[in-house]
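Remarks on the structure that follows.
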Amino acid sequence: MTKLQGGFLRSLYRRNDVPPESVRLCFCVLLFVSFPLGVSASCVDVQGQKRQGGLIHGKVAAGSSVTLDGSALQVLPGGEFVAGFGRDAPANATLSVHSAETRCTQKLTIASREYNIQRVEGVPQKTVTPSKEHQARIAREQALVRAAKGQRLQRPDLLQEALAGFSWPAVGPISGVYGSQRIYNGKPGSPHYGVDVALPTGSPVLAPSAGVVTLAERDLFFSGGTVILDHGYGLSSSFLHMSKVSVAVGQELQRGDLIGEIGATGRATGPHLDWRMSWREERIDPQLLVPPMPQAASVSAAASP
Ligand SMILES: [Zn+2]
């Protein structure tokens, strides 16, 4: 206890009556400073990957509210919540839980990652330096994708299945990983946010978990044949470069259902599936949510980003 606090307390005891408003206010502020709300270990048990590109989840008493760095998370009727960390997420995050009984905050340490640089030669030059017309098309398509991801379907059953773990949508050699800094035909581009699985055109792409289709487009400028599958509460998967799209918007898929076929549409040099995941606006790493790629499939990787 500081000298100042001691002085205030003594003066309050001595007076033995209701202190004036200003003193009471100061007293409250000092109490707040003396006993901050950080009960870190007992606040909430956070599961998942506390690292860049990772997805975390936890469970609080039903009816509690949860914030991450001050922004409110959706809490499921059963008390579960989920949150993701982007490629360049800062090292520290603060989780706060507030209910009738509890009010606590917890510091999370987010592990940083090293990303490699991947040079990709031979993609169509129009996808590296798009013309004015193409730029307008790109903007239209980005709005479509944003709208699809922005739906935030409230389906606890879908999210709970997703949190139990994903399956690989295609099993084959991994030819690109999350986070790489990409250089296309010599020109630095945006980082790669998906995991690439190189397989021949026509190979099936299967739903890695249950979800509702919120976007099904045959020919987007960068991503070609593209499907977005919503897993609920801001979590979604995207499947890019497909030669065939076999689903329609609004369709509900179970794990293992056919989404489409692998292709090389959009900005690609050869047939592969690019599987991406988002939580709200954060791109997360799908590879952190699946078991390791089966060994036999991962040999003889043909690089086809
Ligand atoms: Zn890719």
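The values are calculated or read from the model by the stated rules, or taken from the named source; none is laboratory data. Note that the coordinates shown come from a computational prediction; the quantities given were computed from them, not determined experimentally. Quick reminder, even Gly has a Cβ in these numbers, built from the backbone with ideal geometry, and neighbours come from all protein chains shown.
Would you tally the residues in the stretch 257-297 being assigned to a loop (DSSP other than H, G, I, E, B), under 22 Å from the mean Cα position of the chain (by Cα) and not β-branched (Val, Ile, Thr)?
6
Could you go through the stretch 88-103 and let me know if any residue there is closer than 21 Å to His192 by Cα and surrounded by 17 or more Cβ atoms within 10 Å (Cβ to Cβ).
Looking through the stretch 88-103, at least one residue is closer than 21 Å to His192 by Cα and surrounded by 17 or more Cβ atoms within 10 Å (Cβ to Cβ).
Select from the stretch 175-187 the residues that are within 24 Å of Glu281 (Cβ to Cβ) and in a strand (DSSP E or B) and write down the one among them that is nearest to the ligand (Cβ to nearest atom).
In this case the residue turns out to be Gly176.
Can you say whether Gly78 is touching a helix residue (DSSP H, G or I) at 6+ places or on another chain (Cβ under 7 Å), modelled with pLDDT under 95 and assigned to a loop (DSSP other than H, G, I, E, B), as far as the supplied structure shows?
It is true that Gly78 is touching a helix residue (DSSP H, G or I) at 6+ places or on another chain (Cβ under 7 Å), modelled with pLDDT under 95 and assigned to a loop (DSSP other than H, G, I, E, B).
Which residues, counting only those in the stretch 294-305, are within 15 Å of the ligand (Cβ to nearest atom) and either of a type outside the set (Gly, Ala, Ser) or at pLDDT 80 or above (or both)?
The answer is Pro305, and nothing else.
What number of residues in the stretch 188-210 are away from the ligand (no atom under 11 Å from the Cβ), outside any loop (DSSP other than H, G, I, E, B) and under 20 Å from Gly224 (Cβ atoms)?
3
Mind checking which residues of the stretch 88-106 are touching a Gly at 6+ places or on another chain (Cβ under 7 Å) and touching a residue at least 60 places away in the same chain (Cβ under 8 Å)?
The answer is Thr105, and nothing else.
Just to be sure before I move on: is Asp230 within 20 Å of Gly84 (Cβ to Cβ), among the charged types (D, E, K, R) and within 16 Å of the ligand (Cβ to nearest atom) in the structure I sent?
Against the criterion (within 20 Å of Gly84 (Cβ to Cβ), among the charged types (D, E, K, R) and within 16 Å of the ligand (Cβ to nearest atom)), Asp230 does not qualify.
When you check Thr214 against the structure, is it surrounded by 19 or more Cβ atoms within 10 Å (Cβ to Cβ) and in the same structural domain as Ser238 (by TED's automatic domain parsing), yes or no?
It is true that Thr214 is surrounded by 19 or more Cβ atoms within 10 Å (Cβ to Cβ) and in the same structural domain as Ser238 (by TED's automatic domain parsing).
So how many residues does the stretch 193-205 have that are surrounded by fewer than 19 Cβ atoms within 10 Å (Cβ to Cβ) and touching a Ser or Thr at 6+ places or on another chain (Cβ under 8 Å)?
So the answer is 2.
State whether the residues of the stretch 135-150 include one that is within 16 Å of the ligand (Cβ to nearest atom), buried (at least 16 other Cβ atoms within 10 Å of the Cβ) and within 24 Å of Arg280 (Cα to Cα).
yes
Output the residues belonging to the stretch 233-273 that are away from the ligand (no atom under 16 Å from the Cβ) and of a type in the set (Phe, Trp, Tyr).
Result: Tyr233, single match.
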